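Structure first, commentary second.
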Amino acid sequence: MARSVLLSLAGVVLWWGLARAESPGVPLQLQVDLCNKVIEYIQQPPVLSLDRIRIGIVVKRSSPESMRAGAELKAAFDRVGPMAGGSPHDQSIIEWSSAQTLAELTRSQRLAVLYFTPGLDGEIGSSAAALVGQRVMTIGAVDSFVRGGVILGFELVSGHPKMVFNLKQAKKQEVVLRAAVMKLMRIVE
Amino acid sequence: MRKLAVTLGILFATWLPAAAARAQDVSDTSDLDALLGETVSSTASKSAQTSTTVPATAINVTAEDLRRYGIRTLADAYNFLGLGIIAEDGLGQAEIGSRGVLFTYDAGKHILLLIDGHVTNDQRNGASFHSYGAGIPIELIDHIEIMLGPGSVLYGANATLGVVNVVTKSAKDYHGLQLIAESAFSPPENQAHQPIAPRLDSQYPRQVGRGYRIGVGLGYNFHLGDTPAELTGQLEYFDFTGPQLGWTPISNGNFNYGPYTPIGVWGGNTQRSYFQRIPSGYLRLQAGNWQLTLHGVFTHASKPYSRVQEFLRDFDDPHSTTDRGYGAIDLGWNRVISSRTSMVARFYGDASDEGNRIRGSTFLGCLGSQPNGCIRTSHGAAQWFGTELQTTVKWLADLSMASMVGVEARVRRVNFESGISDLATGLPVDEFATYRAVSSNGALYGQQVYSPFPALALNAGGRWDWDNQLGQRLSPRAAATAEVWHGGTAKVVYSEAFRAPTFEERNLTNRYRVLAAPMLSPEIVRSFEASFQQRIGRQRMLVGVFRSWWSNVVQSERLSQAELSAAQRAGLIDSSAVSASQFRNVARVDNYGLNASYEGSLRDGRLSYGANLTATYARLITAGRTELMSVTPSLFGNARVSYDFGGARPVVGFVSQVTGRRLADYSQDPGVIGMHYAPPTIDFRLTGSGQIPWLRALQYRISADYAVTTTNPYAASTGGADPNKVELIPVNRATVLFGLQYGF
């Protein structure tokens, strides 16, 4: 009896442990600082000419990692002053329900940036497909999201942050960055 | 040193506005460059933070630096790329010092060495290993986080000089199957410690120092059900036979130094006794929230001399050896519980086993019945198991406050003994100093981080350590970092640390020469430091000052005649002994100085460069005596430059270590006349690395290094009554290395 209880307990703990989202390598505050700078180099869509830069932070309610990262990202963006040399910005949490809903929300709320939090691993592909043709910068808090279809991500290499850029997806979403900043990125197709 | 500080201040003051103006004029990505130049470190606060905000002076050495500059061991990385940290090589295990303080004979017990957060210091004697004996494959290292200064606030004992955390690569960065082969050669040296030019004869190849390292590494991503998992690891074997080294002959009566030198003469050439054979392996499996690491290393080594406080070995004796095995398992788990709470748990177990044999053909250290020599043996083993649980909670609406609380518990089992064996048969003749114990210790620690506004971060914490043998100790830390202007960060830190006396220091006995010291107290260090870091684009500069006070420093002290007599009357020391020693809390250290660092890159990162400088004042103060800190220099630093020619062309790196003169370890011993120094060091290393153009999966590394110095600050004992009859040990001055790595 005791053995069964222990085995069950171990199974639950193991499952609880295994069911985990990939965590961000680069601290989220540093990601936000980098994002704030990268936005200055977005040529298309014309983010800098917007009266307000709207950022959607996509979270998944069933994932504590996602909720935590969402809260941290929002707090970090709240602390940032005017972006890109003077543009005001606001940031809101968007709960992921479906790729189509996300795409519609992006269009209706005129979001300039979508930030995907950890825990959305399974949703990146469908989101990327739904966002084709929409001129929105997508950023992944986890660098592996870039291969899945997010345009920009941050990876930690030897303790240094690096930027990863998905050129193919950027073309699909008509996002263009200045050449000066592209030189600083690792490009994936 | 004051002049140096003023000069650095003037240089900094002139550089700052010029660099700022240049950044505004020509570099429109300079702010982004500055952010990309940030290093992320998790050692100082047990959470990932940028180096500008960590509550300590911390630097990262990257895998790219290790490759570019031909780094082979942690000790190499400290010397050629580190700030404020130095490794002194005694032709074997390196001794580690930091910012002017190095305790010779300490076997690395004043610095805490972690691998992926797992403490590797031996719980029997506190030792940490920073050369090949660390058993950390260099290719597997993602980066090395070096935190200078006291670090007991989160790590407990041994973190007095600093904490080094080796972070290994993920499977993403070490993908596939890797085969590694490396070979190195060093020319023999004559008795003037000059390299001997190659000759075409049958003797020369046997005199050349040679080593090789072969390894197989693995990085593999896979899924366990829906859970992403990865496996990384490497197994390797390192084999090194040192070059023939020349030692100036010293006459000493009719002493017998063994079969490789005439009776009454210590010296000549050593060609048998300098070797290391080290198989090792490291494996890390990560699946979901779980991480399992396995680490093992075995060292069989010999060095060609005995230090002054060691038993005298026969000259060039290959049978005086050290065998050490170490294994560790660490199971970690972490989980985000809610949007504000996360938790980390660890379970770990380590075991070590070390045996030493020193053969001597003199009567020194042997029993009265062994006038023709003996074999001194010692053996120690330890096993320790522990668990750690840590939780972090973020507070306030903007999450600007975070509290971390952790608890750790550990059980240790230790045993050691020493003895004397017969020189001819090897059979034990006498045994003493047998000690066995099981002990437990635990700790509770907490850290509060608060950022009232983005430009200011405050960090305060403390750790309460409890040990069933040593009592308790509280180690606090308080730090503030502030962005004082664009790219400029000022930091002030106060921290304390302790080193618990080891089982051996407290309980080692030898009825002929050592008295146990059960009342020994922990060594304590308190430190205050202030630093300023400026980032402009890819250029970074750091200037810092520090002041530290050490107390209760443990030293081996000779008993007074009255104390010796009392110990003999109590039966603790044999009545035939004429002297004996005991470890005591007898010294304190007064230490201050400055650190400076500059690094940057140009041409899109192809040209990178950097330099580090440390200038210190350190004095060891015992009752009525003030001594210089021996072995470690008061001025040291390094400089590096590398260029990536791009494409299939190589990356060429040049690195140099420079130190001031170093006081020899025996120089302040009783009876030694004058002060004896090892000369200043300049050590150069040129490395070329890249991919073979027609076979991209094959990488190569070629490096050559040369030391413009002749001796290390360690004396080789000749065993005579005159403490001046010693010789400083030579430096292995030149090495060329060829390495290949093939990735499938």
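Bear in mind that the values in this text are calculations on the coordinates, not laboratory data. Predicted model, so just to flag it, every value in this text is computed and none were measured. Positions of Cβ are backbone-derived with ideal geometry, glycine not excepted, and every protein chain shown enters the neighbour counts.
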One checks the Cα atoms of chain B and finds Rg and Dmax, in Å, of 26.0, 83
Residue A:53 neighbourhood, Cβ < 12 Å, K/R = +1, D/E = -1, net charge 0
On the formula 1/(1 + (r/R0)^6), with r taken between the Cβ atoms of residue B:484 and residue B:558 and R0 of 56 Å, the FRET efficiency rounded to 0.05 is 0.60
As straight-line cross-link partners of residue B:46, the qualifying lysines (C-alpha separation under 30 Å, not fewer than 8 residues apart within one chain) are A:37, A:60, A:74, A:162, B:109, B:169, B:172, B:394, B:491
The answer for chymotrypsin sites (Phe, Trp or Tyr not before Pro) in region B:603-664 that fall in a DSSP coil and have at most 15 neighbouring Cβ atoms within 10 Å is B:645
Partner shielding of A:151-158, as the mean number of partner chain Cβ atoms within 10 Å, equals 5
Answer in debye to the nearest 20: the dipole magnitude of chain B about its Cα centre, from +1 Lys/Arg and -1 Asp/Glu charges placed on Cβ, is 580 debye
Note to self: C-alpha centroids of region A:53-88 and region B:28-73 sit apart, in Å, by 25 Å
Taking alpha-carbon centroids only, region B:343-410 lies from region B:583-655 a number of Å equal to 27 Å
In whole Hz, the Karplus estimates of ³J(HN,Hα) for region B:211-221 (6.51, -1.76, 1.60; θ = phi - 60°; x where Gly or Pro) are x, 9, 9, 10, x, 10, x, 8, x, 9, 9
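Specify whether the C-alpha gyration tensor of region B:113-217 places it in the rounded, prolate or oblate class, a ≥ b ≥ c being the square roots of the eigenvalues: rounded for a/c under 1.5, otherwise prolate if a/b is larger than b/c and oblate if not.
It is oblate, given that a/c is not under 1.5 and a/b is not larger than b/c.
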Expressed as a whole-number percentage, the relative contact order of region B:27-123 with C-alpha contacts under 8 angstrom and at least six residues apart is 12 percent
Averaging 1/r across every pair of distinct alpha carbons in chain A and inverting yields a Kirkwood hydrodynamic radius, in angstrom, of 17.1 Å
Relative to chain A, whose Cα atoms define the longest principal axis, helix A:28-38 and its Cα axis are tilted in degrees, nearest 10, by 20 degrees
Proxy exposure order for B:122, B:173, B:314 (fewest C-beta within 10 Å first) is B:173, B:314, B:122
Simple spin-label estimate for residue A:109/residue B:389, 7 Å along Cα→Cβ, in nm, reads 3.9 nm
Per the rule of 0.36 nm per residue minus the C-alpha distance, extending residue B:202 to residue B:627 adds in nm 148.1 nm
In debye to the nearest 20, the charge dipole size for region A:29-138, taken about the Cα centre with +1 at each Lys and Arg Cβ and -1 at each Asp and Glu Cβ, equals 160 debye
Using the Cα gyration tensor of region B:50-145, the equivalent ellipsoid's semi-axes, largest first and to the nearest Å, work out to 20, 16, 14
All alpha-carbon distances of the protein assembly as shown, grouped into 20 Å bins from 0, give the whole-percent distribution 13, 45, 32, 9, 1
Of B:45-54, B:191-200, B:579-588, ordering from highest average Cβ density within 10 Å down gives B:45-54, B:579-588, B:191-200
In the protein assembly as shown the DSSP beta bridges are antiparallel at a rate, in percent to nearest 5, of 90 percent
Computed about the Cα centre, the charge dipole of chain A from +1 Lys/Arg and -1 Asp/Glu charges at the Cβ has a magnitude in debye, to the nearest 20, of 220 debye
Length-normalised contact order of chain B, Cα under 8 Å, at least 6 apart, in percent, tallies to 12 percent
Between residue B:190 and residue B:424, the FRET efficiency computed from the C-beta separation at R0 = 35 Å comes out, to the nearest 0.05, as 0.55
Placing +1 on each Lys and Arg Cβ and -1 on each Asp and Glu Cβ in the protein assembly as shown, then taking the dipole about the Cα centre, the residue among B:327, B:721, B:402 whose Cα reaches farthest towards the positive end is B:402
The ³J(HN,Hα) series, computed from each phi in region A:75-83 with the Karplus coefficients 6.51, -1.76 and 1.60 at θ = phi - 60°, rounded to the nearest Hz and given as x for glycine or proline, is 4, 5, 5, 4, 6, 6, x, x, 8
If unit charges are put on Cβ atoms (+1 for Lys and Arg, -1 for Asp and Glu) and the dipole of chain B is taken about its Cα centre, the option from B:587, B:510, B:414 lying farthest towards the positive end turns out to be B:587
By the C-alpha gyration tensor axes a ≥ b ≥ c (rounded if a/c is under 1.5, else prolate when a/b exceeds b/c, else oblate), the shape of region B:338-491 is prolate
Check: C-alpha center region B:128-178 vs C-alpha center region A:99-175, spacing in Å is 34 Å
Dipole check, region B:84-227, charges on Cβ (K,R +1; D,E -1), about Cα centroid: among B:130, B:165, B:146 the Cα furthest to the positive pole belongs to B:130
Quick calc, residue B:223 & residue B:645: beta-carbon distance into FRET formula, R0 56 Å, rounding 0.05, result 0.90
Listed by chain and number, the aspartates and glutamates with an alpha carbon less than 17 angstrom from that of residue A:171, same-chain partners under 8 positions apart left out, are A:189
Once phi for every residue in region B:102-108 is put through the Karplus expression 6.51 cos²θ - 1.76 cosθ + 1.60 (θ = phi - 60°), the whole-Hz ³J(HN,Hα) values, with Gly and Pro written as x, are 9, 9, 5, 6, 8, 6, x
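Run through region B:513-574 and list the chymotrypsin sites (Phe, Trp or Tyr not before Pro) located in a DSSP loop whose Cβ has at most 12 other Cβ atoms within 10 Å. Mind dumping the intermediate values first?
On the way: sites: B:528, B:532, B:546, B:549, B:550; in loops: none.
In loop regions of region B:513-574 (DSSP not H, G, I, E or B), there are no sparsely surrounded chymotrypsin sites (Phe, Trp or Tyr not before Pro).
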Taking B:278, B:263 and counting other beta carbon atoms within 10 angstrom, the fewest-first order is B:263, B:278
